[in-house]
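Engineer: Below is a structure I'd like to ask you about.
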Amino acid sequence: MPFPALSRPVCALLAAGLLTLAPAGAHAATTVKAAKAVKPAATRDAPTLPGYQADLSQTTVSGLSSGGFMAAQFAVAYSATVAGAGIIAGGPYFCSGQPGRFPYIPYLTNALTTCMNPGSAQVAPPVASELLRAANDFARMRLIDDTANLKRQRVYLFSGTKDQTVTQPVVEQVGKFYALAGTPAEQIRFVDNVGAGHAIITDNNQDTACGVTASPFINDCDFVQARDILQHLYPGLQPASATLTGKLISFNQRSFIQSAYSSMNNTGYAYIPKACDSESCRVHVVFHGCLQTTQAIGDRFYTSTGYNQVADANKIIVLYPQAEPSPVYPYNPKGCWDFWGYTSLNPIDPDFYRKSGTQMQAVKGMLDRLGSARNSRH
């Protein structure tokens, strides 16, 4: 908990309590074993991300678990850029910032309780009205974009009925947040009737059984969630490609990171449909969950979750930024995205939720590069 009297080392020790946004049974031993067994697909020598003259006005985001929180966070902070968000088992913007008042906000404790399974922790779920009030204040201070932009966003929400990691009352508050912000009801879709565990959903019987919560957190529930998300965010899509015609690229992610405390990998990935080599395409950003880094599950998240097949047929570039496990400061042993402040140098006044946040700024830089002149690399 980032109280004024606590030093950085003490905060790091407290952060050890945030083992993961996945349940017990998939913690440190599992991650270490997976890291030894799976070699990351690329190295720090990956090439520079080129420009593709993408249409950034139609940018959307999605993610699972900590990636869902990150998607919600990015969509609000950069609402002038983001046109829609898909949030799987994630909570509302600035979830870990409430309850509490600066400078006594227990961000880590909120992340572990209010933002995950508040019922089991015997606390209340996040309160959308309080979080929107905070967002409005941040916007007035120009820390994030104008919240009036939220009215135009399309939002997809998902909570599996067997998910006890991030429970439905938390996900519900995302919909309430957007409704209070003035987003029309027809632009918000909430899927809450699938017997899924804590996972992103596929239609592949080689993946984990639907109701289970276990690594790699990619579950077969007889539908492709990536398609479900993209269809809501971009109505009228063509059917997914049976055979991919584009290319999966790795790129130097480090060049977009301005802090040594980012807990981000040197390498990121993107799927580029063939049409995007010569035409202006949209961009969809996908944030993996905790324990879904390349160190933990290799390339499975960015090759087998279904996004690329849909994108290939619909002129959508899919950007897969990568967090990574960090065993020391910043303490992030499961490779989660930051929604409670572990990347902030000042834990009393963290910036993870602002446009200037280390991870937020890096991803925005990747988007700007994709939107730059074709084949430009600066």
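The values are calculated or read from the model by the stated rules, or taken from the named source; none is laboratory data. Source: prediction; values computed, not measured. Heads up, the Cβs are rebuilt from the backbone with ideal geometry, glycines too, and the neighbour counts pull from every protein chain shown. SASA here: full protein model, heavy atoms, side chains in, ligands and nucleic acids out. Shrake-Rupley method; radii C 1.70, N 1.55, O 1.52, S 1.80 Å.
Engineer: Within segment 332-347, is there a residue that is among the acidic types (Asp, Glu) and open to solvent by less than 10 Å² (accessible area, probe 1.4 Å)?
Structural biologist: Yes, because at least one residue in segment 332-347 is among the acidic types (Asp, Glu) and open to solvent by less than 10 Å² (accessible area, probe 1.4 Å).
Engineer: Taking Ser326 and the conditions (1) out of contact with any helix residue (DSSP H, G or I) (no Cβ under 8 Å at 6 or more places or on another chain); (2) open to solvent by 40 Å² or more (accessible area, probe 1.4 Å), which numbered condition does it fall short on, given that it satisfies the others?
Structural biologist: (2)
Engineer: Going by the structure shown, is Thr213 within 19 Å of Ser66 (Cα to Cα) and out of contact with any strand residue (DSSP E or B) (no Cβ under 8 Å at 6 or more places or on another chain)?
Structural biologist: Yes.
Engineer: Looking at the structure I just gave you, is Ser372 modelled with pLDDT of 95 or more, polar (S, T, N, Q) and over 19 Å from the mean Cα position of the chain (by Cα)?
Structural biologist: Here the answer is yes, as Ser372 does meet what is asked.
Engineer: Is it true that some residue in segment 291-312 is open to solvent by less than 40 Å² (accessible area, probe 1.4 Å) and closer than 23 Å to Leu143 by Cα?
Structural biologist: Within segment 291-312 (the criterion being open to solvent by less than 40 Å² (accessible area, probe 1.4 Å) and closer than 23 Å to Leu143 by Cα), the answer is no, since none of the residues qualifies.
Engineer: Yes or no: Ala148 in contact (Cβ under 8 Å) with a residue 24 or more places away in the chain and aliphatic (A, V, I, L, M)?
Structural biologist: yes
Engineer: Next question, about the same structure. Taking the condition of being surrounded by 22 or more Cβ atoms within 10 Å (Cβ to Cβ) and of a type in the set (A, V, I, L, M), how many residues in segment 114-124 meet it?
Structural biologist: 1
Engineer: Within segment 228-246, restricting attention to residues that are in contact with an Asp or Glu (Cβ under 9 Å, 6 or more places away or on another chain) and of a type in the set (Gly, Ala, Ser), which residue is nearest to Tyr156 (Cα to Cα)?
Structural biologist: Ala240
Engineer: For Ile144, only one of the following conditions fails: (1) under 30 Å from Gly211 (Cα atoms); (2) outside any helix (DSSP H, G or I). What is its number?
Structural biologist: (1)
Engineer: Next question, about the same structure. In segment 81-101, which residues are under 16 Å from Leu233 (Cα atoms) and of a type in the set (A, V, I, L, M, F, W, C)?
Structural biologist: Val82, Ala83, Ala85, Ile87, Ile88
Engineer: Here is a further query. Check whether at least one residue in segment 125-142 is open to solvent by less than 30 Å² (accessible area, probe 1.4 Å), in contact (Cβ under 8 Å) with a residue 60 or more places away in the chain and either over 15 Å from Val76 (Cα atoms) or not aromatic (Phe, Trp, Tyr) (or both), and report yes or no.
Structural biologist: no
Engineer: From Lys176, Lys151, Lys162, grab the single residue that is assigned to a loop (DSSP other than H, G, I, E, B), at pLDDT 95 or above and open to solvent by 70 Å² or more (accessible area, probe 1.4 Å).
Structural biologist: None of the other options fit; the residue is Lys162.
Engineer: Identify, from the list Ala54, Ala5, Ala71, the residue that is over 30 Å from Val212 (Cα atoms), aliphatic (A, V, I, L, M), at pLDDT 50 or above and outside any strand (DSSP E or B).
Structural biologist: Result: Ala54 is the single residue among Ala54, Ala5, Ala71 that is over 30 Å from Val212 (Cα atoms), aliphatic (A, V, I, L, M), at pLDDT 50 or above and outside any strand (DSSP E or B).
Engineer: Can you tell me which residues in segment 74-85 are open to solvent by less than 10 Å² (accessible area, probe 1.4 Å) and either under 21 Å from Met264 (Cβ atoms) or not in a strand (DSSP E or B) (or both)?
Structural biologist: Those that are open to solvent by less than 10 Å² (accessible area, probe 1.4 Å) and either under 21 Å from Met264 (Cβ atoms) or not in a strand (DSSP E or B) (or both): Phe74, Ala75, Val76, Ala77, Ser79, Val82, Ala85.
Engineer: Can you name every residue in segment 293-320 that is under 16 Å from Ile200 (Cβ atoms) and assigned to a loop (DSSP other than H, G, I, E, B)?
Structural biologist: Passing the criteria: Thr293, Gly298, Asp299, Ser304, Thr305, Gly306.
Engineer: Exactly one condition in (1) in a loop (DSSP other than H, G, I, E, B); (2) open to solvent by 40 Å² or more (accessible area, probe 1.4 Å); (3) modelled with pLDDT of 95 or more is not met by Glu186; state its number.
Structural biologist: Result: Glu186 passes all but (1).
Engineer: OK, next. Could you tell me which numbered condition Ser96 fails, if it satisfies all but one of (1) in contact with a Phe, Trp or Tyr (Cβ under 7 Å, 6 or more places away or on another chain); (2) assigned to a loop (DSSP other than H, G, I, E, B)?
Structural biologist: The failed condition is (2).
Engineer: Continuing with the same structure: Do we find a residue being part of a helix (DSSP H, G or I), hydroxyl-bearing (Ser, Thr, Tyr) and out of contact with any strand residue (DSSP E or B) (no Cβ under 8 Å at 6 or more places or on another chain) anywhere in segment 280-288?
Structural biologist: no
Engineer: Among the residues of segment 10-33, is there at least one that is modelled with pLDDT of 70 or more, surrounded by 17 or more Cβ atoms within 10 Å (Cβ to Cβ), out of contact with any Phe, Trp or Tyr (no Cβ under 9 Å at 6 or more places or on another chain) and farther than 26 Å from Tyr156 by Cβ?
Structural biologist: No: zero hits.
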